[in-house]
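The values are calculated or read from the model by the stated rules, or taken from the named source; none is laboratory data. Keep in mind that this is a model prediction, so the values were computed, not measured. All Cβ positions, even for glycine, are placed from backbone atoms using ideal geometry, and neighbour counts span all protein chains on display.
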Amino acid sequence: MNIGLLKQILIVGIGASVFSVATIQKIKEGLKTKKWLNLISFLVSIGLGVSFTYTFTDLKLIDSLWVGLCAWVGADALYKTFEEKLFIPFGDIDNSDDIVIDRGDKNV
């Protein structure tokens, strides 16, 4: 099992799900009937997941489809489920690789 790939898919899925939820809320406001809402929600999540993945990562198509599925299910809930079992919690991640920008004169 490739834990690193799973972690990357879930983290990208969290970002994609933010856009997916916002888009689905806007669509839901315009719908007169909720009959097709689940199908529309699934298609929007897959579409945004694939688009988000191709724009910001170098994952393959099958991985981006998993990102879309995670965005539809709720990547944040999935990550929290796996966090204590497979991953290091976000709060425990070492931030020593942060980029520091020197702004020069601090009196400005």
Discussion item. One residue is enough: does region 26-35 have a residue meeting the conditions of a type outside the set (A, V, I, L, M, F, W, C), touching a Leu at 6+ places or on another chain (Cβ under 8 Å) and modelled with pLDDT under 85?
Written reply: yes
Worksheet item: In region 58-72, which residues are of a type in the set (G, A, S) and in contact (Cβ under 8 Å) with a residue 40 or more places away in the chain?
Response: G68, A71
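Quick grid of which residues meet (1) within 12 Å of C70 (Cα to Cα); (2) not small (G, A, S):
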residue: I24; (1), (2): no, yes
residue: L39; (1), (2): no, yes
residue: S45; (1), (2): yes, no
residue: V50; (1), (2): yes, yes
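With the structure loaded, tell me whether K85 is at pLDDT below 85 and not in a helix (DSSP H, G or I) or whether it fails that test.
On the way: at pLDDT below 85: yes; not in a helix (DSSP H, G or I): no.
Against the criterion (at pLDDT below 85 and not in a helix (DSSP H, G or I)), K85 does not qualify.
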Worksheet item: When region 24-45 is examined, which residues are found to be more than 23 Å from the chain's Cα centre (by Cα) and surrounded by 10 or more Cβ atoms within 10 Å (Cβ to Cβ)?
Response: L31, W36
